[in-house]
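For reference, the structure discussed in these notes is given below.
The values are calculated or read from the model by the stated rules, or taken from the named source; none is laboratory data. All values reported here derive from a predicted model rather than from experimental measurement. Reconstructed Cβ throughout: ideal geometry from the backbone, glycine too, with neighbour counts over all protein chains shown.
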């Protein structure tokens with residue numbers, strides 16, 4: 001007998017202080033890749049009050065104004081209101097960057113080096129990565145995180161087009177879904193906390209976001225008379241963004257991936273060029289898992305693999321279909337190894353990652369986005385047929 005339970009996932013909008021920092025870091029990364037596709041970038045950002053601090057390591061031939069890119073990123077988010085202390089035009093920017101460590105560089109470069117066992121490009125660090133997919137939604141993502149992201153995207157659209165003029169950039173969403181086994185059946189609770197102008201009444205906030213956001217985004221069949229709507233449950237949310245809380249790059253890794261439904265290796269994504277397997281291999285994992293599910297080989301699939309720094313081959317690759325596989329997991333794993341190449345240089349080549357595509361990935365999940373498959377290549381299901389043939 002299947003078990004009934006409730007699973008929750010949250011998302012945050014681009015105005016959340018941590019996402020402000022992710023956005024800035026990815027703007028800097030793209031600025032480097034626009035001029036020099038072989039740039040090595042590890043850009044970390046901190047934001048607090050009206051201050052932005054950049055720190056990290058960049059080795060690149062690109063030349064640009066860091067402060068200008070920071071302001072462009074903040075302006076794109078929408079911190080241009082006079083009632084917010086954090087502002088694109090007035091924030092102070094401090095930049096502390098150095099070049100990539102020579103010791104790391106020799107391990108990653110496709111060249112011989114003293115003490116290095118191979119001339120191939122190696123992983124930029126040791127670590128483990130996961131990819132996940134399931135057939136709960138058309139984009140093959142878990143339902144709770146999928147709906148949480150959709151609420152966040154629509155909330156931002158309503159703000160940016162001016163349909164709800166009192167909205168401000170910082171917001172969180174959270175969706176709780178009741179499951180019967182692996183089947184999602186209904187939404188039990190929908191939470192929206194959105195920053196707003198000081199003069200709007202809470203009654204208007206709650207009524208407007210119920211009608212124009214929740215009931216518009218959530219499918220009618222997922223809502224019933226027992227579904228709880230918790231909108232700005234503190235009663236007031238005027239002070240937000242970096243004014244209300246410090247933001248740091250890489251603190252929303254569960255929002256960025258599968259909302260807790262799939263495991264996470266621990267590495268953050270934003271501000272890192274694709275030689276960093278924290279990012280590129282996690283994208284690879286999603287591509288693999290999504291193709292397994294799209295091929296009909298399993299209803300849900302998680303792939304895990306790991307690397308040693310400077311070494312080109314993964315030290316492990318494993319597949320788990322949670323007993324939903326249509327063939328043995330061992331057969332799927334052999335097919336995956338036959339169809340996909342997990343070497344870092346090959347991941348970059350297969351997914352075409354040496355491009356300035358990363359600020360498109362920053363907000364509302366790095367996975368499950370099917371609106372731009374030319375950029376987000378890991379969302380393609382182009383190897384599903386090859387996997388079907390390989391398991392026979």
Practice item. Would you check if residue 48 is closer than 26 Å to residue 157 by Cβ and either touching a strand residue (DSSP E or B) at 6+ places or on another chain (Cβ under 9 Å) or surrounded by fewer than 24 Cβ atoms within 10 Å (Cβ to Cβ) (or both)? Key: no
Check your understanding: Out of (1) assigned to a loop (DSSP other than H, G, I, E, B); (2) on the phi < 0 side of the Ramachandran plot; (3) free of Cβ contacts under 8 Å to residues at least 60 places away in the same chain, the odd one out for residue 230 is which?
Key -> (1)
Point to revise | Check on residue 111, out of contact with any helix residue (DSSP H, G or I) (no Cβ under 6 Å at 6 or more places or on another chain) and at pLDDT below 95 | key: yes
Point to revise | Any chance residue 274 is under 29 Å from residue 39 (Cβ atoms) and over 17 Å from the mean Cα position of the chain (by Cα) | key: no
Review point. From the list 70, 52, 20, which one is closer than 23 Å to residue 168 by Cβ and in a strand (DSSP E or B)?
Key: 52
Practice item. Tell me, please, whether a residue that is without any contact (Cβ under 8 Å) to a residue 40 or more places away in the chain and either closer than 22 Å to residue 124 by Cα or surrounded by fewer than 24 Cβ atoms within 10 Å (Cβ to Cβ) (or both) can be found in region 18-31. Key: no
Practice item. Return the pairs, sorted by first residue and then second, in which the second residue is loosely packed, with under 14 Cβ neighbours inside 10 Å, the first residue lies in region 234-249 and is in a loop (DSSP other than H, G, I, E, B), the beta carbons are less than 6 Å apart, and the residues are 6+ apart or on different chains. Key: 238/198
Revision key, fill the gap. Across region 133-164, the tally of residues that are buried (at least 24 other Cβ atoms within 10 Å of the Cβ), in a loop (DSSP other than H, G, I, E, B) and in contact with a helix residue (DSSP H, G or I) (Cβ under 8 Å, 6 or more places away or on another chain) stands at 1
**Study point:** Residues that are surrounded by fewer than 20 Cβ atoms within 10 Å (Cβ to Cβ) and touching a strand residue (DSSP E or B) at 6+ places or on another chain (Cβ under 6 Å), drawn from region 312-324
**Key:** 315, 316, 317, 318, 322, 324
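Residues checked against (1) closer than 19 Å to residue 255 by Cβ; (2) buried (at least 19 other Cβ atoms within 10 Å of the Cβ); (3) within 24 Å of the chain's Cα centre (by Cα); (4) at pLDDT below 95:
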{"position": "344", "(1), (2), (3), (4)": "no, yes, yes, yes"}
{"position": "353", "(1), (2), (3), (4)": "no, yes, yes, no"}
{"position": "364", "(1), (2), (3), (4)": "yes, yes, yes, no"}
{"position": "367", "(1), (2), (3), (4)": "yes, yes, yes, no"}
{"position": "377", "(1), (2), (3), (4)": "no, no, yes, no"}
{"position": "389", "(1), (2), (3), (4)": "no, no, no, no"}
Practice item. Of all residues in region 318-368, count the ones that are out of contact with any helix residue (DSSP H, G or I) (no Cβ under 8 Å at 6 or more places or on another chain) and either without any contact (Cβ under 8 Å) to a residue 40 or more places away in the chain or part of a strand (DSSP E or B) (or both). Key: 10
